[in-house]
Ligand SMILES: Cc1cc2nc3c(=O)[nH]c(=O)nc-3n(C[C@H](O)[C@H](O)[C@H](O)COP(=O)(O)O)c2cc1C
């Protein structure tokens, strides 16, 4: 399959569904609760309409941006997603190679199955950011930050929307899936699961968990995330721990965004965790305008993830004021389909659509993608 043959990223999803274990496909694709935020995050992009300018476009628009002081070839990157070695044997290394070849940022999840050190080895020149939680035992967080620093990662992304776990729907979906053949146990045994190798700041606890049968430490990590209850004081400690830029991921309100600025972070990712934490959260693209407004005049860079499924979606987020956007599930679909090459095809598809949208809207550089080129449908209706 080549990216030129596909019309939308959903086609990668359809192919991925055929290629992967259904329990894993459910894990990757579903959201929390009733999937309201999952679905709305995508639908909300369609509520913004484009208002192109004419007689402005030149060939080959320049997509380059500066993100945290680094020149990046395109204004979109790869969001952190867990257990990529369950999507493809080459796992996180395959994704990092794609990011390196494509010239964009990959955020490595701390819930990953390839070590920070091995990911760096497989993509020595990639722009890598390290995602972490404020784990229940803070030594796990400190260890991750130290190792990421050593391996030349360029930022620490702290996910802040998960003081407890927020997934209930997965159980429902699994139940429905297995009702037909009642072979859940049998199916589970065939899932390609590898150990979570990057949470290792408390060796004796981890050994104990393994000895008690939690061989891949999935339950240990789950508890480390789901019983963590982080506070602003933890962020202050992190701020002291590292000189790397700190990016908070999972902010959806202007109030929290202002608090983040006051706490001295360098960036925030407006995100609803792909609809996997609190269901009913506002779609990130509709939360973006008030957050951009609230941060006007600060040096904090605003990014977005959630529901980005086309180059037009990227364009809309940039027009509203995001500096860059990050893509979650479509990267996993590309990875399942064809490893590094599959991820690159997904990224290339988004780039082609973004170039096309910029040309049709009269933009030759990212800086020319401004708020006047986009309008929310509620404003359109109020003018009718
Ligand atoms: C399977 C899966 C695993 C994820 N794992 C993590 C994670 O380990 N850490 C994290 O901060 N976010 C995680 N996320 C959330 C993504 O970083 C991102 O916020 C979300 O996928 C964006 O939405 P999208 O999938 O619609 O693009 C995960 C999302 C998915 C779908």
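Rule-based calculations on the coordinates, nothing more; no lab input. This one's a predicted model, so the numbers in the text were calculated from it and none came from an experiment. Quick reminder, even Gly has a Cβ in these numbers, built from the backbone with ideal geometry, and neighbours come from all protein chains shown.
What to note about this one:
- If you go through segment 142-158 and keep only what is farther than 18 Å from residue 119 by Cβ and within 13 Å of the ligand (Cβ to nearest atom), you end up with just 158.
- All positions within segment 197-229 that are closer than 17 Å to residue 143 by Cα, touching a residue at least 40 places away in the same chain (Cβ under 8 Å) and outside any helix (DSSP H, G or I): 197, 198, 199, 200, 201, 202, 228
- Taking every residue in segment 145-162 that is in contact (Cβ under 8 Å) with a residue 24 or more places away in the chain and pairing it with any residue that is within 16 Å of the ligand (Cβ to nearest atom) and assigned to a helix (DSSP H, G or I), at least 6 positions away or on another chain, the pairs with Cβ-Cβ distances below 6 Å are 147/116; 148/116; 151/116; 156/145; 161/273; 162/225.
- Residue pairs meeting the criteria (Cβ under 7 Å; at least 6 apart or on separate chains; first on the phi > 0 side of the Ramachandran plot, in segment 84-104; second assigned to a loop (DSSP other than H, G, I, E, B)): 91/113; 91/114; 103/73; 103/74
- Count - residues of segment 121-141 that are away from the ligand (no atom under 16 Å from the Cβ) and within 17 Å of the chain's Cα centre (by Cα): 2
- Going through (1) buried (at least 22 other Cβ atoms within 10 Å of the Cβ); (2) within 16 Å of the ligand (Cβ to nearest atom) one by one, residue 257 falls short only on (2).
- Residues in segment 128-139 that are closer than 18 Å to residue 248 by Cα and not in a helix (DSSP H, G or I): 128, 129, 130, 131, 132, 133, 134, 135, 136.
- Spans of strands (runs of 3 or more DSSP E) in segment 48-120 with at least 1 residues away from the ligand (no atom under 16 Å from the Cβ): 48-50, 65-67, 70-72
- Given (1) surrounded by 13 or more Cβ atoms within 10 Å (Cβ to Cβ); (2) not in a loop (DSSP other than H, G, I, E, B), number of the condition residue 34 does not satisfy: (2)
- Of everything in segment 283-309 that is closer than 10 Å to residue 38 by Cα and out of contact with any strand residue (DSSP E or B) (no Cβ under 9 Å at 6 or more places or on another chain), the residue that is surrounded by the fewest Cβ atoms within 10 Å (Cβ to Cβ) is 283.
- Top-ranked residue in segment 260-282 [being part of a loop (DSSP other than H, G, I, E, B) and more than 13 Å from the ligand (Cβ to nearest atom); ranked as surrounded by the most Cβ atoms within 10 Å (Cβ to Cβ)]: 265
- The one condition in (1) in contact with a strand residue (DSSP E or B) (Cβ under 7 Å, 6 or more places away or on another chain); (2) surrounded by 22 or more Cβ atoms within 10 Å (Cβ to Cβ); (3) within 24 Å of residue 315 (Cα to Cα) that residue 81 fails to fulfil: (1)
- Elements of type strands (runs of 3 or more DSSP E) contained in segment 297-384, each with 2 or more residues being within 16 Å of the ligand (Cβ to nearest atom): 301-305, 324-327
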